[in-house]
Structures are given as structure tokens and as C-alpha cells.
Amino acid sequence: MATEADYRLPRSVIPSHYDIRLEPDLDNASFVGTVGIDVDVETPTSTVTLNAIELEIHDATVTQGDRKLFCKVSLDEDRERAAIKVDGMLDEGPARVELSFTGILNDDLRGFYRSVYTNDAGEEKVIATTQFEATDARRAFPCWDEPDLKATYAVTLVVEDGLMAVSNAAEVGRTTLDDGRIEVSFATTMKMSTYLVAFIVGDLFATDPVDVDGTPLRIIAPPGNEHLTEFALDMGAHALRYFSGYYDIPYPGDKLDMVAIPDFAFGAMENLGCITYRETALLLDPDTATQSEMTRVADVIAHEIAHMWFGDLVTMKWWNGIWLNEAFATFAELKCVDAYRPHWNRWLSFSAFRAAAHETDALAATRPIEIEVASPQEANAMFDVLTYQKGSSVLRMLEQYLGEEVFRSGVTAYLKKHAYGNTDTPDLWEALEEASGEPVGEIMDTWIFQGGYPRVLVERHGDRYRLSQEQFRLIGDGDKTWQVPVLYDSASGPGKVVLGEKPVEIEAADDVLVNAGGEGFFRTTYSDELLDGVIERLPELDPIERYATVSDAFASVLKGDVAASDYLSLIARLSDEDEVDVWSIALSGLGQLDRVVSSDDRPAMQAFTRSLISSKANELGWEPDADDSERRRQMRGLLLRTLGNLGADQETIATAKTVFEAGEAPDAEIAEAALMITAANSDVERFDELITKSNNATSPQQKVKYLRAATQIADPEAAKKLFDMCMDGSVRTQDTFWVLALMLGHRENGVLVWDLVEKNWDQVKAVIPPVTHRRLLDLIQFRSEPEVADRIQRWFDTHELHGGELAIKQQMELLRAHVGLRERESSRLGDALSSME
């Protein structure tokens, strides 16, 4: 089995500065480059080893003092290395390595790659852009491609006249060459890791810079998107100011460009001074965007700008520590957006992140947040729900336990101490311990170095309450314990305690609530007597506490500890709920039950849905009030969509079609509800209309929205057509994974689509970028028909996805949990629904 040592470069030669010169040829999808690297020879050697793949290295020399040594280069494709054999011995001390090379602009959305768009004149335009995290800088220039081998970078790009060129630092020089091309030089960056280097060339526009306390901020995108930049500029300026204050450290770059890329595998990438984004994560029309779309753009911008300090200025030593970079940026994005728009109630909607992590982490196939990482493939597999959502959730739990200001002061001390350097996880715990006086490392090690999470059991014990813990798993039991920071509250006041392996007792009034504030990363189970009281007080709880109560209840249904009928009784109490996120978690559980209820009993499920939400949906209606908040508008859209699709309310369906066909919805939430109801209740004849609307949309969100709606048409012919579009390239490769995942999870068409996936397996893998292969299975748990689930599990006994070994195990276990739900509830749920009529 490979270890980290197998992939770490020798430390005999260490880089300190790179001079990178690249000449991309967009027409021929190739580039020519040179790199001069200032290095320090730590121990005498005759071989310089660095990373390179998909490059042809033509000339190599090493200069030390007055000696210029010529070299031979051998490439090891398997280990992604180049060995430079020097004609002589290098002594300890400074030297310079100079290499010339050529490479390809690939179509894999990694390294130095092509992105293509069509302009308003119908012309196809090519952009050359980069995505280097985790280990793909080596595809663009030979380098020491490890995060702790930081250096400075001076980039020069030679481009055709009329094209824009941008990189991490400000432009400092521009020269017209004899052949008419333009040589663009950029300032030297701060000391940073290779994965943060970026360069982009193409026919692009840039907004006028906004001065944010001395930092010029621009949005860069393909022409035609000029009208979609105002929100991002405003949010970006807020985030720069917010984090400079939160961290108490000035922004470490000399400028900040935020660049929209038409083809992008992830949401965004935190390249210092040159952040790249998927278009839907940066460009936005506030007049047509829903609340969730605006929130996502704000979140992603805040996340990436948070990285400029936490990740770029201070970086993990190796990829096992990537969780802290991403978890902290996710946590920080919420703080920033909450400060930007407090009325969005962002910490309540963050509960959905926590719930997503809870689902995966309740599996035997979960993993610790921090694990050993050896290969590049293992590093890329770390970018998952456990790194982002669980990691940020446990940081929020810790912050709430320590206190927000104490936590912030510890973070600031950590960043100032390690600026321009690299750290391990314990370095942050040390800073937080110094700030708080609490045993942070002792507590957090139980959360970071073991997978899973506990269920806290609450029972009365005399005139006190007894808290104990057990591991929560969807299938079977576990034997782990945690140091659990528990906040509780009652009429006698709030309290906190760390629950360890042994039970603890607390004093509280009769109305005790454990996990007060709802931020704990654990489930809570009360004795029957105490649970009745919590349910009676449900409307009085804070919304985040109601969310946690409902989420805990459905988790127990999926595990098999609680009957689905009890869950329905619980959410029936929410008919007058006024928080969209509480509705969302309640209806999520209802939707999962709808997946497993028998066809004969589905009308009864639809009737229950109508009885649950009709009153609130009718109160909200199809016409928003002028003073409706964004979240109230969002709630209206959710309830109308649910009433039409999950509730099969014929009047709602008819109204939705009228609104959709008129194209004059009064706001974005109603427009989206009308679209999704119409799509779900249409046949293949509607398909071409939706695809045409997607192709002609004037904002990235609209393009995606119509495409997503097309996945929901229940006609199998529509599913076949959309599958074919994924295979023939009509759907962008960046979108194929989620389009196919949505179709695989579709109640009616999912089995058909799985048949197509099996028959076209190699082509399916070819049209999905390798870094998103595993996302194909995001909704596979809904194929819980026993015979289909069995087929799927047998398939993955002999078939693989790039970087997806653990993800496949997790999804197959989650699939088994849903099969169990179907077997338990399919018939008895119908009996329960009949008794509720």
C-alpha cells in the first residue's frame, strides 16, 4: 500500500522563486513555456527531482555560481515526476534551475485547460485557464508541487493581441513583440503554494476596479455578462472588508480579480488575487435570481475570499490538513454572509449543511475528518461533505462553546504566528487553548481523528437530568465516544458541559432542552416523558432548535428506531410554521417517505401533504406582498412547489402552468415554482421548450434552472433524450454529473437511466471530469427498489469511479439504509396514512 513518503519529493533541493513564461496557443490547444527556479541545495546532489506530467521537457540547465551545468531529464509518468540528472555535483547553497517545455491545453477541467463559450455573434471562443488544486500545477509547469514548498512567482504570458491575460498579481509590464503578440508581465506574488498559482487568457471583459480600502477589485467574465456583475462586486467588497477586520490582518495580495469561467469542475478556486468561479457562483441577475441562488453566490464569494488568509497566507503542510482549510472557509463564509445580510438568517439555513454531513457520517463507511493522504487521487477525494460540511459544523460547535470573541482572537493569533508558513491541525488548537483556557485539543481530537458522531441520550434522574452517549449509525451500532460540548437551556437558565465516555448529570428546570441553539454535531434522543414535553413546546423553540428536532426525528425513522407514522405526527404540528428552513427539513423527510410508499398508498400520502401545507400555502398565495421578506418569498415558492408536485394538487398544477406559459411571474420564487411544477407534470413535448429556454437564457442561473427542470419530466422519452445530450456533449461536461445524478434519483425514470448508465458505462465516465466522477452517485440511495439496489451494488463490485472507492462504499451503504426504510415502511405507512384521514 502506498504511503505519503512514496509521493513526497526529496528535500535535497528546495525552491524559493519561480519565473514562469507561457505562450498559450488557443487554436491548437497547446502551450510553450519556460521556467527559471531559484532553489536552495540543502544537501549535495547530482539529481534534482520535481513534479511534471503531460509536459515534454526539452532543455534543462542548472546554474550554481559561475558553473552552468547541462542536464538530462527523465520522466516518471506513474509518479508524476521529472528527474533532472546534472552533469556534475551540486554543492550546498543557492542555484537556479532552468527548463523549457511544451504542454497541452486539456479538456479535463484540471491543470492548464480549455474552456469554450459562444459569444452573442454565434462565434465559438476559447479560454485557457487553470485549476491546480490539489496537485495539477505540474500539468502546466515543472514544479515542486507540494503545499509546504512555498515560493514566490513572477508570471509572464505571451498572448494574441486583443486577448486579456490575468494572473495572481497586478500587471506591471506590456510589450508588443515583433510578431504582433503581446507580452504581459505580472508582479511577484507573496510566498505561497503551487496549487494557488493561476493564469487565464481569453476574450474577456473586466469591470472597472472598485477600490476596497486600497485593494482594486474587479469581475472578469466572457463578454455579454456585464449586467451580471453588480452583486458580486458588492459582496466581494463586503467580504474583503469583513475578513480584514475579523482576522485583524490586511488583505495579503496586491489586487483581487474574480473570474467567471464557462467550464469549471468545482464551485470556485481560491487562487491568491485571481479567484476563479463557475459562472453560476459569481454572475447573478438579482431581478431573476431566487433567494437560494443569491445565497449561493454570496456564500461562494465569501468562502473564497476567506481563503486568502486561511489557506493562502497560512497553508496546511500536507493534504491530510486540507479539511481545516475548507472547513474553516465554510464556517467563515457563514459569518461573513450573516454580517452582510442578517435577515437571511444564514446560520439557520446552515443547518442543511449539518444535516448533509450527519447522513454520511452515520455510515460505517464514513471516515475521520483528517486522514492520512498519500497520492494525488487520495488528495482529491478529500473534497467531500465530511471535509466541508462536517468540518465546518464542528468548528461552529466549538465556537459556540468557547464564545465567538474568544474563538476569533485565537484564530487571529494563529494566522499572525504562522503567516506565509504551513501548519498542522494542532497549531490551531494550541492558539485556541491559549485564548480560551479550555482543553481544545483534547475535545477536538475526538471529532477530527475518528469518524462518526454520537447520539446524546437524555433522561430524568431524580431531580436532575442524566446525559449519556452512544454512537449513532443508520445501520447497526458503533462503540465510539466523543468529548461532546453540550449546551442546554431551561427556565432556570442556560448551561454547558463536556460529555465524555461516562454519563454526566445536570441541573435544569422541567422544560430542559439539550443542544440549545441547535449547533451541536450530534443527535439528541429524549426519554418518552421528556420527548412529549419537547414536542409540546415545539412552536416555542428557536427555529434552529425546531430544525434539529425534526432532523433528529427523521434520522431515527431512517435508522428504524422510530415509525414513520410518528414522524408524520410530529411534522403535522408545523402547519403554521413561518421559517422556510424548518419547512425544508420537514418536507425533505416527507419526500423520502414518498419515495418508498407503495403506488396504491401514494394518493393517501399526497392527501396528507395537501392537508399539511394547504393552509400556509393558501395564506401565501401566488401574489407576493410588497413588504414580503426574501425568506417569506422563498417559503412561498417551496410550499407551492411541494403542493403541486408532492401533493399533486390539481388546482396548483393548473395555476403553475398558466403562470409558466404566460412568462410573467411576479417574482423569481414563483417563477421557479411554476417552472418545476410544470416540468414535473409534462411529457416529452415540453422537453425541447425547456432546453431551448436553457440555451437562450441570459443568466447562468436561468440556464441551469431550465436544464434542471428538464431532468424532472416524468416521460421516459425525455429522460432518454437528455441522457443522449450528456453523451454527445450537448450538456457541458461540468454539468453532466449533476444532470445524470438527478435523473438517477428520479422516482419514475431512475431505473431506466440506470439501465442506460450500465450500457454506456465507459462513455459516461468519459463525459464526466475525473474530479467529479463520484458525484454521479449523489442520489443513488433513491433507487431503493430491492432488485434494482441489488443490481447496482453488484455493478460496483466490479466497476470503479475515479477517486470514488470510499464514496461508492458510502453510497452503497446509504442505499441499503433506504432499502431497509422501504421494507419497513412501504406497507405500514399506508396503514398509518389511512388512519390519519
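The values are calculated or read from the model by the stated rules, or taken from the named source; none is laboratory data. If you're wondering where the values come from, they're calculated on a predicted model, not measured in any experiment. Reconstructed Cβ throughout: ideal geometry from the backbone, glycine too, with neighbour counts over all protein chains shown. The protein model used for the area step is the full one, side chains on, heavy atoms only, and it has no ligands, DNA or RNA in it. Shrake-Rupley method; radii C 1.70, N 1.55, O 1.52, S 1.80 Å.
How much FRET efficiency would the formula 1/(1 + (r/R0)^6) give for LEU177 and ASP566, where r is the Cβ-Cβ distance and R0 is 60 Å, rounded to 0.05?
The pair LEU177/ASP566 has a calculated efficiency of 0.20.
Write down the accessible area per residue of region 210-299 in Å², having rolled a 1.4 Å probe over the full set of protein chains.
Counting only protein heavy atoms, the per-residue value for region 210-299 is 28 Å².
What Rg and what Dmax come out for region 150-205 when only alpha-carbon atoms are used, in angstroms?
Calculated on Cα positions, Rg and Dmax stand at 11.9, 36 Å.
Would you mind telling me the share, in percent, of accessible area of the chain contributed by carbon and sulfur at probe 1.4 angstrom?
The value for the chain is 46 percent carbon and sulfur by accessible area.
Place a point 7 Å from Cα of ASP25 in the direction of its Cβ. Which residues in region 39-59 have their backbone N less than 17 Å from it?
Answer for this model: 55-59.
How long are the three semi-axes of the equivalent ellipsoid of region 330-400, in whole Å, if each is the root of 5 times an eigenvalue of the C-alpha gyration tensor, listed from largest down?
So the three semi-axes of region 330-400 are 26, 14, 10 Å.
Using only alpha carbons, build the gyration tensor for region 274-329 and give me the equivalent ellipsoid semi-axes, biggest first, whole Å.
Taking √(5λ) for each eigenvalue gives 27, 10, 8 Å, largest first.
Residue by residue, what Karplus-based ³J(HN,Hα) values in Hz, rounded to whole numbers, does region 607-612 have, using 6.51, -1.76 and 1.60 with θ = phi - 60° and x for Gly and Pro?
In residue order, the calculated couplings are 5, 4, 4, 4, 5, 6 Hz.
Mind computing the radius of gyration and Dmax over the alpha-carbon atoms of region 758-824? Å is fine for both.
That works out to 12.1, 38 Å for Rg and Dmax.
Under the 0.36 nm per residue contour assumption, what length would be gained going from the current alpha-carbon distance of SER835 and SER527 to full extension?
Full-extension gain reported as 108.3 nm.
Structure shown: which of LYS125/LYS721; LYS68/LYS416; LYS759/LYS809; LYS480/LYS809; LYS416/LYS480; LYS317/LYS480 lie over 31 Å apart, alpha-carbon to alpha-carbon?
LYS68/LYS416; LYS416/LYS480, as the Cα separations exceed 31 Å there.
For the chain, the longest stretch holding no chymotrypsin sites (Phe, Trp or Tyr not before Pro) located in a DSSP loop with at most 14 other Cβ atoms within 10 Å is which?
My reading of the result: 1-419 is the longest stretch.
Could you give the spread of the C-alpha atoms of region 716-794 along their three principal axes, from largest to smallest, in whole angstroms?
Result for region 716-794: principal-axis Cα extents of 33, 28, 18 Å.
For the pair SER611/GLN763, report the inter-label distance in nm, with labels modelled 7 Å from Cα in the Cβ direction.
Label at SER611, label at GLN763, 4.8 nm between them.
What length, rounded to one decimal in nm, is gained on full extension from SER599 through to GLU226, with 0.36 nm per residue of separation minus their alpha-carbon distance?
Net length gain for the segment: 129.3 nm.
Could you work out how far apart the two model spin labels at MET89 and SER629 are, taking each label as a point 7 Å from the Cα in the direction of the beta carbon, and quote it in nm?
The modelled label-to-label distance comes out at 7.4 nm.
Starting from the amide H of VAL212, placed 1.01 Å from N in the peptide plane, find each other amide H under 5 Å away whose residue is 5 or more places distant or on another chain.
Distant-sequence amide H within range of VAL212: LEU217.
For the chain, what is the charge dipole size about the Cα centre, in debye to the nearest 20, if Lys and Arg each add +1 at the Cβ and Asp and Glu each add -1 at the Cβ?
900
Show me the three semi-axes of the equivalent ellipsoid for region 460-510, from the C-alpha gyration tensor (sqrt of 5 times each eigenvalue), largest first, rounded to whole Å.
24, 12, 10
Which whole-number value in Å³ per residue fits the convex hull of the alpha carbons of region 30-180?
Hull volume normalised by residue count: 148 Å³.
With a 1.4 Å probe and every protein chain left in place, work out the accessible area per residue of region 655-742 in Å², rounded to a whole number.
Per-residue value: 39 Å².
Calculate one ³J(HN,Hα) per residue across region 44-49 by plugging θ = phi - 60° into the Karplus curve 6.51 cos²θ - 1.76 cosθ + 1.60, and present them in order as whole Hz with x for glycine and proline.
Whole-Hz 3J(HN,Hα) from phi for region 44-49: x, 7, 10, 9, 10, 10.
I want the local charge near THR63. Using Cβ-Cβ distances under 9 Å, sum +1 for each Lys or Arg and -1 for each Asp or Glu among the other residues.
Summing Lys and Arg as +1 and Asp and Glu as -1 gives +1.
Provide the per residue accessible area, probe 1.4 Å, for region 331-489, rounded to a whole number of square angstrom.
34
I need the fraction of alpha carbon pairs in region 555-669 separated by more than 24 Å, rounded to a whole percent.
When every Cα pair of region 555-669 is considered, 28 percent fall beyond 24 Å.
Show me, for region 435-450, the HN-Hα J-couplings you get by feeding each phi into the Karplus relation (A = 6.51, B = -1.76, C = 1.60, θ = phi - 60°), rounded to Hz, glycine and proline as x.
6, 10, x, 9, x, 4, x, 4, 5, 6, 4, 6, 8, 8, 9, 9
Let me know the whole percent of all Cα-Cα pairs from region 91-178 that are separated by more than 20 Å.
Tail of the P(r) past 20 Å holds 52 percent of the pairs.
How large is the Kirkwood hydrodynamic radius of region 301-363, in angstrom, based on all distinct alpha carbon pairs?
12.8
Taking only Cα atoms of region 485-619, what ratio of Rg to Rh do you get with Rh as the Kirkwood inverse-distance radius?
Reported Rg/Rh, Kirkwood definition of Rh: 1.01.
Using only alpha-carbon positions, what ratio does the radius of gyration of the chain give when scaled by 2.2 N^0.38 Å?
Dividing the Cα radius of gyration by 2.2 N^0.38 Å gives 0.97.
Want the number for ALA714 to GLU434: 0.36 nm per residue separation, take away the alpha-carbon distance, what's left?
Answer, rounded to one decimal: 95.0 nm.
Relative contact order for the chain: what is it in percent, counting Cα pairs under 8 Å that are at least 6 residues apart?
8
Taking N as the number of residues in region 153-310, what is its Cα Rg relative to 2.2 N^0.38 Å?
1.03
At 10 °C and 1.306 mPa s, grab the translational diffusion coefficient of region 460-551 from Stokes-Einstein with a Kirkwood Rh over Cα pairs, rounded to a whole number in µm² per second.
Rounded to a whole number, D works out at 115 µm²/s.
Averaged over all directions, how much area does the convex hull of the C-alpha atoms of region 343-470 cover when projected, in nm²?
11.0
Put a dot 7 Å past each Cα toward the Cβ at VAL210 and ASP6; how far apart are the dots in nm?
Going by the 7 Å Cα→Cβ label model, 4.8 nm.
To the nearest 500 deg cm²/dmol, what mean residue ellipticity at 222 nm is calculated for the chain from DSSP H runs of n ≥ 4 alone, each contributing -39,500 (n - 2.57), summed and divided by the residues?
Helix-only estimate at 222 nm: -13000 deg cm²/dmol.
So for region 39-120, what percent of the C-alpha to C-alpha distances run longer than 19 Å?
47
Note down the accessible area of LYS68, probe 1.4 Å, to the nearest 10 Å².
120
Rg to Rh for region 383-532: what is it, with Cα atoms only and Rh by Kirkwood?
Reported Rg/Rh (Cα atoms, Kirkwood Rh): 1.00.
Which whole-angstrom value gives the distance between the alpha carbon centres of region 567-597 and region 404-433?
40
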